[in-house]
Structures are given as structure tokens and as C-alpha cells.
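Colleague: After the C-alpha cells below, expect a handful of questions from me.
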2 protein chains.
Amino acid sequence: MSVFDGHTADAKTPEEIEAEAALFGPLTQSVRALIESTVMTDVDPDDINRARALIDEAAALLDAKRMPGPFGVRWNTDGSRRSWGNAAVGLRNPIAPPLTVRHDDGVAWAEAEIGPAYEGPPGLVHGGIVALFLDQVLGAAADHAGVPGMTGTLTVRYRKGTRLGPIRAQAHVDRVEGVKTFAVGHIETPDGLCAEAEGIFVLPKEVRDLGEKLGRPQ
Amino acid sequence: MSVFDGHTADAKTPEEIEAEAALFGPLTQSVRALIESTVMTDVDPDDINRARALIDEAAALLDAKRMPGPFGVRWNTDGSRRSWGNAAVGLRNPIAPPLTVRHDDGVAWAEAEIGPAYEGPPGLVHGGIVALFLDQVLGAAADHAGVPGMTGTLTVRYRKGTRLGPIRAQAHVDRVEGVKTFAVGHIETPDGLCAEAEGIFVLPKEVRDLGEKLGRPQ
């Protein structure tokens with residue numbers, strides 16, 4: 001599979017997408033809650049095993065029919081895209097908190113409540129999860145500025161532990177040099193600035209070529 | 001909460017830990033399968049909603065009693081630790097693939113099968129998830145070498161897309177300068193080298209002080 005498979009398949013109308021979001025959003029939210037319950041539960045073995053049987057039954061229902069490949073990034077008929085399988089922002093991905101990235105005056109930002117399933121050091125968000133959120137929001141800033149790419153280099157400087165709880169991540173494009181987009185950003189909590197990042201984003205040549213061919217923003 | 005809360009609480013014997021792992025491991029594995037089912041399912045709305053009701057029932061069972069805080073890192077009576085809530089390696093954390101980090105001759109390494117719930121670009125592991133795995137295995141290398149720390153700086157250079165499927169991550173300590181441990185590593189797939197990383201790990205002063213007080217390796 002190449003990096004742009006799935007970009008053009010399964011285009012849907014805004015109405016279809018709204019209906020799908022209303023169906024899959026609550027399912028995914030229920031699984032997110034279950035993830036946290038799994039990390040935090042302190043019930044007796046009998047209840048653990050009963051819960052597990054219910055979970056297996058739910059999975060069997062869902063597995064009766066699966067999509068043939070990973071979700072990918074799918075175009076909509078209005079030219080927007082949905083990354084519903086994405087591990088940071090995916091509406092259908094329970095691993096994603098999800099981050100909902102918004103854009104104001106060139107700044108991409110997201111706020112989220114980060115629970116115990118994202119822990120690394122005791123009480124703190126895992127350093128790699130901090131990197132995941134920063135990678136996503138930096139990439140979104142590049143994308144929104146019209147100079148998108150895949151991550152070429154990501155550097156994260158951790159200034160203090162990022163406490164579990166409310167976080168804000170934000171980023172903007174610092175500069176563009178040829179095919180490279182340099183984005184910078186940070187994560188903060190009520191404790192203040194926790195981590196800073198710089199990312200260099202580069203669009204793979206095959207995607208640039210496809211973009212020219214289709215006449216669509218990539 | 002400070003970074004070392006939970007380090008000393010809830011010490012258990014190897015037998016107790018084995019019994020807990022036999023209980024919570026399969027529960028977590030079932031939730032991991034459910035996460036993938038949630039991303040990939042293509043069943044009808046009725047089955048989606050039936051599955052959701054089962055998931056909510058399971059979560060209610062588990063939520064009848066919860067631990068008071070996040071899992072943290074807990075000591076065992078034999079001096080080892082369990083990071084069962086950890087987002088990359090946690091036995092009780094469905095978000096973790098999990099990575100199981102092993103150590104050979106100073107090299108920390110982990111192999112895992114990475115499914116569609118870790119997707120970023122179509123067909124590829126999310127760049128931030130690549131960073132998560134590298135952060136974890138670099139940190140494990142530092143820890144195992146007796147020079148552990150929290151991540152101070154993490155730099156990841158992406159050489160090519162990391163295809164979903166089997167991956168191997170590995171790292172070793174390159175050098176130690178004062179309180180800083182420099183670890184380097186990479187991720188590879190059957191496609192070859194996909195990403196390289198350098199991490200600088202520093203143990204917070206309060207943890208160093210606690211280690212001296214308790215006489216335990218930190």
C-alpha cells in the first residue's frame with residue numbers, strides 16, 4: 001500500500017458523514033470509557049470475567065463484517081477529508097482522546113482531558129503520548145497553512161512533567177523552505193508550559209504528484 | 001501528585017502478581033481486540049448499537065469499584081516494578097500494543113504487531129505512535145543500564161513510512177554526561193529502517209533523592 005491509498009475512495013456527502021458520525025461516535029466513546037475502566041477497575045475476579053465475556057460478545061458482533069483495509073484518509077464529496085482511524089484524532093478510533101484540532105489565525109490548537117490510560121511516569125502523561133499530540137497538532141498547522149507533509153523530523157523538549165488532566169496543545173507554521181514546512185508548538189496544562197516541539201514536514205513525492213494530477217490541495 | 005507517588009505503595013509478591021496478570025491480561029487483550037473491531041467494523045447500525053450496549057454493560061461492571069488514582073508505577077516485594085497502566089507497555093492498558101521490552105547485551109528491544117488502531121497516514125503507523133514506541137524503548141535502555149530518567153529531549157528522524165504490521169524497536173545507551181543519559185535507537189519493519197531517535201533522559205531531583213533515601217535503584 002502506498003501512502004495515498006484510500007485518499008480517493010469512499011467519498012461521501014455531508015449528510016452521509018453526519019449519519020455515520022452519529023452512529024460511530026457514541027460507539028467509540030463507549031470503548032474509550034471502557035479502556036479507562038480496564039486500567040482503573042478494582043472489582044472482583046468474577047466481575048472481571050463477566051465483563052470480559054460481554055466485551056468478547058461485542059467484538060464478535062462488530063467483527064461479523066470488517067472493512068478490507070485500515071481506515072486511511074477518505075475524501076468527502078465537499079473536498080474535505082476524514083481521518084476517522086487516526087490514532088490521535090480519529091472519530092472511530094478509541095485510542096484517540098480524541099484531539100479535536102481547531103484553527104484560529106494560523107494557530108492550530110486542541111484541548112482535551114487526558115485520563116489515566118495515557119500515563120507514563122506516575123500521574124503524568126507518557127512522554128511519547130505528549131509527542132503524539134504535538135506531532136498531530138504541528139502536522140495540522142502545516143496542513144491548514146496549505147503546506148502539509150508527513151513528519152520528517154520531530155524534536156520534543158520536555159520542560160516539566162505533563163500532569164494527567166486538562167491539556168492544551170497548539171502549533172503554527174514557523175517557515176517554509178522548499179518542500180519542507182517547519183512547524184513549532186507546545187503543550188501546556190494548568191501547571192504551565194510542559195513541552196515544546198519543532199517538526200519538519202515533507203510531502204512524499206508521490207503524493208505531490210497525485211495532488212497535481214487531481215488538482216486538489218494535498 | 002509528584003512523579004514518585006505510587007512507587008512504594010501496593011508491593012506484591014511474585015505469586016500475587018502472577019495471579020493478577022492472569023486475570024487482567026486477558027481482559028486487556030479483549031479490549032485491545034475490541035478497539036480494532038471498533039475502527040474496522042462495517043456492520044449495520046443495529047449491530048453497532050447492540051455492541052455498544054454490551055460495552056456499556058461491561059464498563060458498568062468494571063466501574064463498580066475503581067482504584068483511587070492512576071495506576072502509577074508499583075513496586076513488587078522482589079524489588080522489581082510493574083507499570084501496568086503505561087500507555088506503551090502496560091499489561092492493564094488496552095492502548096498499549098503492548099510493547100514487551102527485552103534486554104540483550106545492553107540493547108533494549110521490542111517486537112510487536114501494529115494494527116489499524118495505530119494509523120496516521122494511510123496504511124502507516126502514526127508518526128507520533130512511532131515516537132511513543134521509541135521514547136519507551138530508549139527510556140527502557142537507560143533504565144536497564146542503571147542510568148534511568150524521564151525524557152528531557154526526544155528527537156525522531158523519519159526515514160520512510162512505518163507500515164502497519166510487524167515492527168521492531170531497539171535502543172541502547174550511547175553515553176552518560178552527569179545526570180543526563182543519551183540513548184539512541186530505531187524502528188524497523190520488513191521494509192527496513194523507518195525511523196531513528198535520540199533521547200536525553202534525566203531523573204528528577206526528587207526521585208534521585210528518594211532513591212538515595214530508600215537505597216533502591218531508581
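Colleague: Conditions first: (1) among the basic types (K, R); (2) more than 9 Å from chain A (Cβ to nearest Cβ); (3) assigned to a strand (DSSP E or B). B:K213 passes all but one, so which condition is the exception?
Modeller: (3)
Colleague: Another one. What about A:R81, is it more than 9 Å from every other protein chain (Cβ to nearest Cβ) and surrounded by fewer than 20 Cβ atoms within 10 Å (Cβ to Cβ)?
Modeller: On the way: more than 9 Å from every other protein chain (Cβ to nearest Cβ): yes; surrounded by fewer than 20 Cβ atoms within 10 Å (Cβ to Cβ): yes.
The answer is yes for A:R81.
Colleague: B:R168 is checked against (1) within 10 Å of chain A (Cβ to nearest Cβ); (2) part of a strand (DSSP E or B) and fails just one. What number does that condition carry?
Modeller: Every listed condition holds for B:R168 apart from (1).
Colleague: Spot the failing condition for A:V73; the list is (1) loosely packed, with under 14 Cβ neighbours inside 10 Å; (2) farther than 26 Å from B:L62 by Cβ, and only one is missed.
Modeller: Unmet for A:V73, out of (1) loosely packed, with under 14 Cβ neighbours inside 10 Å; (2) farther than 26 Å from B:L62 by Cβ: (1).
Colleague: Kindly provide the set of residues from the range B:10-24 that are more than 7 Å from chain A (Cβ to nearest Cβ) and without any contact (Cβ under 8 Å) to a residue 40 or more places away in the chain, ordered by number.
Modeller: Listed by number, the residues that qualify are B:E15, B:E16, B:E18, B:A19, B:E20, B:A22.
Colleague: In the range B:146-160, how many are touching a Leu at 6+ places or on another chain (Cβ under 9 Å), of a type outside the set (D, E, K, R) and either more than 7 Å from chain A (Cβ to nearest Cβ) or in a helix (DSSP H, G or I) (or both)? Let's see the steps before the verdict.
Modeller: Taking the range B:146-160 as the starting set, the residues that turn out to be touching a Leu at 6+ places or on another chain (Cβ under 9 Å) are B:147-151, B:154-160.
Filter once more, so that each one left must be of a type outside the set (D, E, K, R): B:147-151, B:154-156, B:158.
Next, only the ones that are either more than 7 Å from chain A (Cβ to nearest Cβ) or in a helix (DSSP H, G or I) (or both) stay: B:147-149.
The qualifying residues number 3.
Colleague: Then there is this: From A:V156, A:V107, A:V147, grab the single residue that is in the same structural domain as A:V202 (by TED's automatic domain parsing), surrounded by 23 or more Cβ atoms within 10 Å (Cβ to Cβ) and either more than 30 Å from B:I55 (Cα to Cα) or acidic (D, E) (or both).
Modeller: A:V156
Colleague: Hey, could you check the range B:109-127 for residues that are of a type in the set (A, V, I, L, M, F, W, C) and out of contact with any Leu (no Cβ under 8 Å at 6 or more places or on another chain) and say which is nearest to the other protein chains (Cβ to nearest Cβ)? Steps first, please.
Modeller: Initially, the range B:109-127 is screened for residues of a type in the set (A, V, I, L, M, F, W, C), giving B:109-110, B:112, B:114, B:117, B:124-125.
If we keep only those that are out of contact with any Leu (no Cβ under 8 Å at 6 or more places or on another chain) as well, we get B:109, B:117.
Numbers: B:W109: 16, B:A117: 5 Å.
Result: B:A117.
Colleague: Let me ask something else. Which members of the range A:25-78 meet the condition of being more than 7 Å from every other protein chain (Cβ to nearest Cβ) and part of a helix (DSSP H, G or I)?
Modeller: Within the range A:25-78, A:G25, A:Q29, A:R32, A:E36, A:D46, A:N49, A:A53, A:A60 meet the criteria.
Colleague: From the list B:E111, B:E177, which one is farther than 25 Å from A:V73 by Cα and in contact with a strand residue (DSSP E or B) (Cβ under 7 Å, 6 or more places away or on another chain)? Explain how you work it out, then say what you get.
Modeller: Values: B:E177 fails: in contact with a strand residue (DSSP E or B) (Cβ under 7 Å, 6 or more places away or on another chain).
When all the criteria are applied, what remains is B:E111.
Colleague: Suppose we filter the range B:169-189 for residues that are in contact with a helix residue (DSSP H, G or I) (Cβ under 6 Å, 6 or more places away or on another chain), surrounded by fewer than 24 Cβ atoms within 10 Å (Cβ to Cβ) and aliphatic (A, V, I, L, M); how many remain?
Modeller: Result for the range B:169-189: 1.
Colleague: Any residue that is of a type in the set (S, T, Y) and more than 16 Å from the chain's Cα centre (by Cα) - is there at least one of those in the range B:141-152?
Modeller: Initial filter on the range B:141-152 (of a type in the set (S, T, Y)): B:151.
Subsequent filtering for residues that are more than 16 Å from the chain's Cα centre (by Cα) retains none.
No, the range B:141-152 contains no residue that is of a type in the set (S, T, Y) and more than 16 Å from the chain's Cα centre (by Cα).
Colleague: Which numbered condition in (1) facing chain B (nearest Cβ under 10 Å); (2) among the acidic types (D, E); (3) free of Cβ contacts under 8 Å to residues at least 60 places away in the same chain is the only one that A:D143 fails?
Modeller: All conditions are met except number (1).
The values are calculated or read from the model by the stated rules, or taken from the named source; none is laboratory data. The shown structure was predicted, so the numbers you read here are calculated from the model rather than taken from an experiment. Cβ atoms come from the backbone with ideal geometry, glycine included; neighbour counts cover every protein chain shown.
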